[in-house]
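Okay, so here's the structure we're looking at.
Please treat every number below as a calculation from the coordinates, not as lab data. Keep in mind that what you see is a predicted model, and the values were worked out from it rather than measured. We place every Cβ from the backbone using ideal geometry, glycine too, and count neighbours over all the protein chains shown.
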Amino acid sequence: TAVESTETATATATATPVQTTVPAREFDSEAIEREVLATINEKRAERELETFRNDTTTWQRLQTMVRSHSQAMAQERSVTFSAGGNSSSDRYENAGLYGRCQYQDPETGDIIQPSNSFQAVGSTVAGQSYQEDGQRRFNGNESQVATTLVKNWFDSSTYRPSLINRGVELLAVGVTVTDDGTVYAATAICE
């Protein structure tokens, strides 16, 4: 009967397994970087802030610096400002960006020099379910990975200030996805 076939179709549809893993090699680090920047810019626009630029030679140098930072964190398997034995200010100095990236605080007029406050660091999991805040989570694509990273940064009183900073124009994002799906990410700002 028609009722029997509807019941059979419903039972079959609910029995279809949901994908619970995506191989780490299928995640594109550069796509995650672009998604992170776009998501941060959306949050800045919601606050009526200028969006970060990514079209200058200085930005390219900043991007190289922050990608190296995410790679160092992945090698050390640690989310830290001091990955690779370098502090944030060391990284800016080594990239030739220390003087270039200092800026004048629009509120106080003080000159702010590169330090940990110029960066956000974090990690999440790509392609596997994991527990966070007592809930099961799953980032199945680059956009979901980026959304998780940005949400965690904006929820943090440590990282949010650099992401909504009115005194800077540039933000670079570096992302490294390890073979086991751990994602290490860092951002860096510059005037």
Worksheet item: Tally Lys and Arg at +1 and Asp and Glu at -1 over the other residues with C-beta under 15 Å from the C-beta of residue 169: what net charge comes out?
Response: +1
Response to the item:
So for R0 = 22 Å, FRET eff. of residue 164-residue 53 from the Cβ-Cβ r, to 0.05, ends up at 0.90
Discussion item. From Cα pairs below 8 angstrom and at least 6 apart in sequence, can you work out the relative contact order of the chain, rounded to a whole percent?
Written reply: 33
Worksheet, complete the sentence: Of all C-alpha pairs within segment 92-191, those more than 16 angstrom apart amount in percent to 60
Fill in: Under 12 Å, Cβ to Cβ, from residue 67 - net charge with Lys/Arg +1 and Asp/Glu -1
0
Fill in: Using alpha-carbon coordinates, inclination of helix 57-76 to the longest axis of the chain, degrees
60
Discussion item. Among 153-161, 27-35, how do they line up by average Cβ neighbours within 10 Å per residue, starting with the highest?
Written reply: 27-35, 153-161
Response to the item:
Subtracting the Cα-Cα distance of residue 157 and residue 31 from 0.36 nm times their residue separation yields 42.7 nm
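Determine, from the Cβ-Cβ distance of residue 178 and residue 135 and an R0 of 25 Å, the FRET efficiency 1/(1 + (r/R0)^6), rounded to the nearest 0.05.
0.65
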Worksheet item: Under a GNM of the chain (C-alpha, springs under 10 Å), which listed residue has the highest mean-square fluctuation: 176, 20, 124?
Response: 20
Item to complete: Using only Cα atoms, tell me the angle between helix 2-15 and the longest principal axis of the chain; keep it within 0 to 90° and round to the nearest 10.
Response: 40
